[in-house]
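A short write-up of the structure that comes next.
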Amino acid sequence: MASDLETKAKEAFIDDHFELAADLYSQAISLSPDNAELFADRAQANLKLRNFTGAVADANKAIEIDPSLSKAYFRKGNACYELEEYETAKAAFELGSSLAPGDARFANLIKKCDDRIAEESGDLLDQPLEKASTEVVSVESDQESGQILNEAPNEVTSQLNVKQKYRHEYYQKPEEVVITIFAKGIPAQNVAIDFGEQILSVIIDVPGEDAYHFQPRLFGKIAPEKCRYDVLPSKIEVRLAKAEPLNWTSLDFSKDSTIPKTVTVVSGTGSQRPSYPTSKPRRVDWDKLEAQVKKEEKEEKLDGDAALNKFFQDIYKDADEDTRRAMRKSFVESNGTVLSTNWKEVGSKKVEGSPPEGMEVKKWEY
């Protein structure tokens, strides 16, 4: 049955029905989940659908099942190249070339990756930036099927319209992004997670249910070797280690995104305050400003009741405990008309009110 579906999938692919081909390959994989060829071929269909993260995930699965399958490395490399993950693409092409030394396509693609890596590193300064960003890479064909895999990239990468079965959310720290997928009661063996240079691939495949795919191209680059995840009873928690301490303005990559600001992490145990990113043209010295405010408060000249209140506040702040007790007791018992600092004088008796001249004390009737 799986072989029949595979044959139909190949026919659909040849007829340019790529979405149907991907669906047929998925059905065949459900019947034969250990067939590396099926995953590699579905990766090819995903490439045509420009579902590059899905293609990477399928190629990784094919490589996991059969590490000697050269076309899986070829398709992974193509998908990573389209995602502008040139280091990862080059590594995939180099492994594929070692398995198929007679295939000249790998050498050509490795050179293209080297060129792109050099551009990103600023080594090709003689090439105008606009030209570098709009250059169309020549296509490479898949000899096995006779189909062109790399077409000129669109402005917006389209993804398969897969209904999201599980809700997810994220938050970030200067050094990492934490993603929570609210999938309850999922066995760890049914969760497959892969990390790329700028790709996250999460697949939850529970028998009897449609597989859940969450495969975003991330806002920024990550360090795959430092990333990790935990499958918990009520959720799946994925921790992405940022390659650089940048502030991600979203989880997903977008060409329209503004340049993120670097978050400065202060090390050590000193009293230095952390420096936060700002859009202002100059940096505010908050320590200096705080000291200035305190100085102004201390030197502020007050008049009338305000000056008197501040005078008493300063006395209370710097007084010993007996003086404070005397001030509290005399003020309360005299209904605010007497303020004494002599505890020996007021501590042993009730302080009677002493209203200003021309006024009298009256008991408040509730």
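Looking for something small (Gly, Ala, Ser), modelled with pLDDT under 95 and assigned to a loop (DSSP other than H, G, I, E, B) - is there at least one such residue anywhere in segment 77-95?
no
Report, by residue number, each residue of segment 94-109 that is open to solvent by less than 30 Å² (accessible area, probe 1.4 Å) and over 15 Å from residue 69 (Cβ atoms). Write out each step before concluding.
Of segment 94-109, the ones open to solvent by less than 30 Å² (accessible area, probe 1.4 Å) are 96, 100, 103, 106, 109.
Residue satisfying the conditions is 109 alone.
If you check residue 289 against the conditions, is it open to solvent by 60 Å² or more (accessible area, probe 1.4 Å) and at pLDDT 70 or above?
Spelling it out, residue 289 is indeed open to solvent by 60 Å² or more (accessible area, probe 1.4 Å) and at pLDDT 70 or above.
Could you go through segment 79-88 and let me know if any residue there is under 24 Å from residue 34 (Cβ atoms), without any contact (Cβ under 8 Å) to a residue 40 or more places away in the chain and under 25 Å from the mean Cα position of the chain (by Cα). If you could, list the steps in order and put the result at the bottom.
Of the residues in segment 79-88, the ones under 24 Å from residue 34 (Cβ atoms) are 79.
Filter once more, keeping what is without any contact (Cβ under 8 Å) to a residue 40 or more places away in the chain: 79.
Narrowing further to those that are under 25 Å from the mean Cα position of the chain (by Cα): 79.
Yes, segment 79-88 contains a residue that is under 24 Å from residue 34 (Cβ atoms), without any contact (Cβ under 8 Å) to a residue 40 or more places away in the chain and under 25 Å from the mean Cα position of the chain (by Cα).
Kindly provide the set of residues from segment 65-80 that are open to solvent by less than 30 Å² (accessible area, probe 1.4 Å) and farther than 12 Å from residue 199 by Cα, ordered by number.
So in segment 65-80, the residues open to solvent by less than 30 Å² (accessible area, probe 1.4 Å) come out as 69, 71-75, 77-80.
Scanning segment 65-80 gives 69, 71, 72, 73, 74, 75, 77, 78.
Can you say whether residue 331 is under 30 Å from residue 199 (Cα atoms), open to solvent by 60 Å² or more (accessible area, probe 1.4 Å) and at pLDDT 75 or above, as far as the supplied structure shows?
Details: under 30 Å from residue 199 (Cα atoms): no; open to solvent by 60 Å² or more (accessible area, probe 1.4 Å): yes; at pLDDT 75 or above: yes.
Spelling it out, it is not the case that residue 331 is under 30 Å from residue 199 (Cα atoms), open to solvent by 60 Å² or more (accessible area, probe 1.4 Å) and at pLDDT 75 or above.
Would you list the helices (runs of 4 or more DSSP H) that sit entirely within segment 9-65 and hold 3 or more residues that are within 34 Å of the chain's Cα centre (by Cα) and closer than 15 Å to residue 77 by Cβ?
Where helices (runs of 4 or more DSSP H) fall fully within segment 9-65 and carry at least 3 residues being within 34 Å of the chain's Cα centre (by Cα) and closer than 15 Å to residue 77 by Cβ, they are 36-48, 52-65.
List, please: which pairs have Cβ atoms under 9 Å, are six or more places apart or on different chains, and start with a residue in segment 46-59 that is without any contact (Cβ under 8 Å) to a residue 60 or more places away in the chain and within 12 Å of residue 199 (Cα to Cα) and end with one that is of a type outside the set (Gly, Ala, Ser) and assigned to a loop (DSSP other than H, G, I, E, B)?
Close Cβ pairs (under 9 Å, with a partner that is of a type outside the set (Gly, Ala, Ser) and assigned to a loop (DSSP other than H, G, I, E, B)) amount to 55/49.
Taking the criterion of being among the aliphatic types (A, V, I, L, M), assigned to a loop (DSSP other than H, G, I, E, B), closer than 30 Å to residue 249 by Cα and modelled with pLDDT under 75, would at least one residue in segment 302-311 satisfy it?
no
What is the residue count in segment 230-242 for residues that are open to solvent by 60 Å² or more (accessible area, probe 1.4 Å), touching a residue at least 12 places away in the same chain (Cβ under 8 Å) and of a type outside the set (S, T, N, Q)?
Number satisfying all stated conditions: 1.
Among the numbered criteria (1) modelled with pLDDT under 85; (2) closer than 28 Å to residue 91 by Cα; (3) surrounded by 11 or more Cβ atoms within 10 Å (Cβ to Cβ), which one does residue 227 miss?
(1) is the only condition that residue 227 fails.
The values are calculated or read from the model by the stated rules, or taken from the named source; none is laboratory data. Since we're looking at a predicted model, the values are computed, not measured. Ideal geometry is used to build each Cβ from the backbone, glycine not excepted, and the neighbour counts take in all protein chains shown. For accessibility, only protein heavy atoms count, side chains too; no ligands or nucleic acids. Shrake-Rupley method; radii C 1.70, N 1.55, O 1.52, S 1.80 Å.
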